[in-house]
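Please treat every number below as a calculation from the coordinates, not as lab data. What you are looking at is a predicted structure, and each value in this text was computed from that prediction instead of being measured.
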């Protein structure tokens, strides 16, 4: 259904619980935060960073995270519009006022049930990002917190991550 919307439909549409959810225009904070992660993540060669692509979690579930790290082998065509959850290593959601409930509660539950190993939630605090990082606990399929990061995100998600969160543009 999502792949067959008319050409004049909004650019970013998610399918959550069978309902189409249109995203409002993004803020400058959102744009800069997404850009920072897109350009600063340096996964190993078998993974790739993509932005604003959907993940097909089921017939009625196709959320669109802001940033994904996916298996390079899953990128099979330039016409690809969605990834399978088993091909997704990380999803990152930049929270806006409109998406707060979905990004804090709804989507993480759906991502954990689908087996996506890492989730980051990015929120604005005094004009800067705060990144809440989570890892899937496979025995119970729920996320456990692994950190709250201000100014700098340093973690290991199967590869080292070190990102300056000050949003100075361009990044150092």
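Odds and ends about this structure:
- Helical content of the chain, expressed as a calculated mean residue ellipticity at 222 nm, amounts to -3500 deg cm²/dmol (DSSP H runs of 4 or more residues, -39,500 (n - 2.57) each, divided by residue number, nearest 500).
- Measuring nothing but how far apart in sequence close Cα pairs (under 8 Å, 6+ apart) lie, relative to its length, the chain scores a relative contact order of 16 percent.
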